[in-house]
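The values are calculated or read from the model by the stated rules, or taken from the named source; none is laboratory data. Computed from a predicted model, the values in this text were never measured in an experiment. In this analysis, Cβ positions are derived from the backbone assuming ideal geometry, glycine residues included, and neighbour counts consider all displayed protein chains.
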Amino acid sequence: MSCHELLEDKKILKIDNKILIMGPPNVGKSVFFSGFTNIHVMSSNYAGTTVSYMKGDYTVDGGRYSLIDVPGTYSLSATSEAEAVAVQFMNSNPLAVLFVFNAADLEGSIKLALEVLDYGIPVVGALNLSDVAQRQGKQINVSLLEKELGMPIVTTVAVKRIGFSEITKELGEEIKKIGDKQTACPDCSKCSGCGNSKKILDYWERAKEINARVVKDINKKPSKLDKFGDALLKPWPGILLAILIILVSLGIVVGAGKALRAVILLPFVNFIVEMFEKLFSNFNMPEILHNVLIGNYGIFRISFEWILALVMPYVILFQLVFSFLEDSGILPRMAVLFDNIMRKLGVQGGSLINIMLGFGCAVPAIIGTRTATTRKERLIVTSIVCFSVPCISQTGALISLLSDFSFFMLLAVFATGAAVFVLVSIITSKILKGKVDPLVIEIPNLLMPDRRTYFKKFFVRVKQFLMEAEGPMLIAVFLAALLAETGLLDNASEVLKPVVSGWLGLPPEAALSLILGIIRREMSVAPLLEMNLSALQMYVGAVVSLLYIPCLSVFGILAKEFRTRVAVAIVVGTTVSAILLGGILNHVILFIQSIF
Amino acid sequence: MEKTLYSAENGKIYKVLRVPKIELLSSIGIFKNVTIKKENSYRLGGPVSISLNTRKIAIGKEIASKILVEEVEA
């Protein structure tokens, strides 16, 4: 997440000239932040996309300020880790606040705004999602709202950048006003005057009054999108629709991914590799060097074959599909529909969003678990993601390995993964102490993602993948080339042979999978492609790599988010369970085969 | 007549009589005397979904069984 300027440093609370972006969850605060600072921050259509804060430079009237994207809160009473961050920021003596209102649900926003206003800091309002409010037939009297709250308010549609320049202007005016008088509170920590002085009910009371005066509902027929959103929330036909959406999404990722690989990327890669073959044959170099460069496992062969042709098509398709699911508001509906199943597994429906995030990459999924209200829930979801959810790179590699053999093989491996998923969640929820809070989730309006925002997000995601995965993937490729082409692998294979061949029944050179898999998940699958495996070997190899260590980046994020102990426990647990289960499956299937 | 939100009938309007002490509920806007509409319930221990003004909220079974409501004539 390095390119995100994800800051964890407490020092940020102390810097001067802070302008905070505050507001309820899922109103588009991050979209404003990206627009004003040109730092792209992930935004989606569900509460809790931003779980930590972001800092960026923001110029108002020629002055430079630090704009901070604060995670959304329903109140300033800190019910989760993400909300606690927001309260800390309000108490850190900020210069001004840009408060983002949800025009489609004004009452809740007004209530939070009243809490924010009580801190005595200059506030500028952005009445966002005004297009959604309009679609729902709501007329909002903005000048009356300004008067009631005593703050300037700009009507905005953030994803279309409507109202951005007016906000900067208003913030400039407010800051100018402060220039004349000194800030009221030089040190917030010693002051008990602001925040939480009133009961939460008083705020709601007042918000209700203001809302009634400001919003006029002209009864408009619900749009098709709203109707579809409601249908998707009903058990019938919602569950059916949700399953269809999942199947169609999978179909697009697998089908279009395969097509992209076969039609465009594979021919392109073959062309490049041939070019390098010709190029290197012109030089009179020692055989071993030639092999390291362009042999079967040569750097210039596998770096293209594995990264470009094996992994990229599925990464691209996954991001296209998943970004749509995120931005439309479908995911929280699935969280509600499948809450009953998730509860039986020891978690709650809301965790489903983080688990689905894990099918892209485990790192954002683990960071996303910060929205969980208990530590137990965080640990269960993290374990599920680490043990049983393959990231998209690995899924891509598995699809290439297995579906060329038989589609049923792919299904068998994923069914095994699903079984492990169930086992892991049941076991961890039994072992871990503490409790998991039941689901309480706000369901956002269904939206058609804005084209510009959607494609920007897609490109940022793919770029981010390239920046973060490219290094480790190339290291894995170099290591593979060195090990395989210099004969070092034979030594390693000899050592690991009892495990790899004796227990797992794989060819000895599959030791390479176990070595490369430590670096990145898909690299434990890629070597298997070159090995002419039998059906059983393919199944066992795929299952082992599915369960195996979830890559170095994940180890890093585990150590950072939890303790090193948790990271080590997960790495040891995944490795042991992968080899244990792989071997058991191998022997059981061999035994069954011997009977028939 | 008093009912729990969990057992209340779908599609009807209710006044909230009692809410368990859970901070998230009050920050999201569910407390005594608020009027809500129960929208859906989900089988096999699933949550209930309600609408509250313009918001739609889903609440897990354990909590919904602790929220007491009373039907209001629409």
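Odds and ends about this structure:
- Of the residues making up segment A:354-371, those that are more than 13 Å from chain B (Cβ to nearest Cβ) and among the polar types (S, T, N, Q) are A:354, A:369.
- The set of residues from segment A:576-596 being surrounded by fewer than 18 Cβ atoms within 10 Å (Cβ to Cβ) and β-branched (Val, Ile, Thr) comprises A:576, A:584, A:588, A:589, A:592, A:595.
- Among the residues of segment B:51-64, none qualifies, meaning not one is aliphatic (A, V, I, L, M) and surrounded by fewer than 19 Cβ atoms within 10 Å (Cβ to Cβ).
- Some residue of segment A:333-353 being away from every other protein chain (no Cβ under 14 Å), buried (at least 24 other Cβ atoms within 10 Å of the Cβ) and in a helix (DSSP H, G or I): no
- Within segment A:107-133, residues that are closer than 28 Å to residue A:448 by Cα have Cβ atoms under 9 Å from residues that are of a type in the set (Asp, Glu) and assigned to a strand (DSSP E or B) in these pairs: A:108/A:442, counting only partners at least 6 apart in sequence or on another chain.
- Test set (1) crowded, with 19+ Cβ neighbours inside 10 Å; (2) closer than 27 Å to residue A:111 by Cα - residue A:58 fails condition number: (2)
- Qualifying residue in segment A:357-373 (condition: assigned to a helix (DSSP H, G or I) and closer than 20 Å to residue A:543 by Cβ): yes
- Within segment A:506-555, being over 29 Å from residue A:594 (Cβ atoms) and in contact with a Phe, Trp or Tyr (Cβ under 7 Å, 6 or more places away or on another chain) holds for A:517, A:526.
- Selected residue (only one of A:407, A:421, A:414, A:387 is among the aromatic types (Phe, Trp, Tyr), crowded, with 23+ Cβ neighbours inside 10 Å, more than 14 Å from chain B (Cβ to nearest Cβ) and out of contact with any strand residue (DSSP E or B) (no Cβ under 8 Å at 6 or more places or on another chain)): A:387
- Of the residues B:33, B:10, the single one that is at pLDDT 90 or above, more than 7 Å from every other protein chain (Cβ to nearest Cβ) and assigned to a loop (DSSP other than H, G, I, E, B) is B:10.
- Checked against the criterion of being more than 30 Å from residue A:222 (Cβ to Cβ), at pLDDT 85 or above, within 14 Å of another protein chain (Cβ to nearest Cβ) and in contact with a Leu (Cβ under 6 Å, 6 or more places away or on another chain), the candidates A:116, A:87, A:60 yield just one match: A:87.
- Residue among A:231, A:259 that alone is surrounded by fewer than 16 Cβ atoms within 10 Å (Cβ to Cβ), within 20 Å of residue A:442 (Cα to Cα) and of a type in the set (Gly, Ala, Ser): A:231
Listed here are the residues, each with its yes/no results for (1) among the aromatic types (Phe, Trp, Tyr); (2) closer than 24 Å to residue A:229 by Cα; (3) more than 11 Å from chain A (Cβ to nearest Cβ); (4) over 9 Å from the mean Cα position of the chain (by Cα).
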position	(1), (2), (3), (4)
B:2	no, no, yes, yes
B:23	no, no, no, yes
B:26	no, no, no, yes
B:29	no, yes, no, yes
B:41	no, yes, no, yes
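- Restricted to segment A:306-322, and to residues there that are crowded, with 24+ Cβ neighbours inside 10 Å and within 26 Å of residue A:422 (Cα to Cα), the residue that is nearest to the other protein chains (Cβ to nearest Cβ) is A:318.
- Check on residue A:505, assigned to a loop (DSSP other than H, G, I, E, B) and at pLDDT 90 or above: yes
- Being more than 9 Å from chain A (Cβ to nearest Cβ) and not hydroxyl-bearing (Ser, Thr, Tyr) holds for only one residue in B:62, B:73, and it is B:73.
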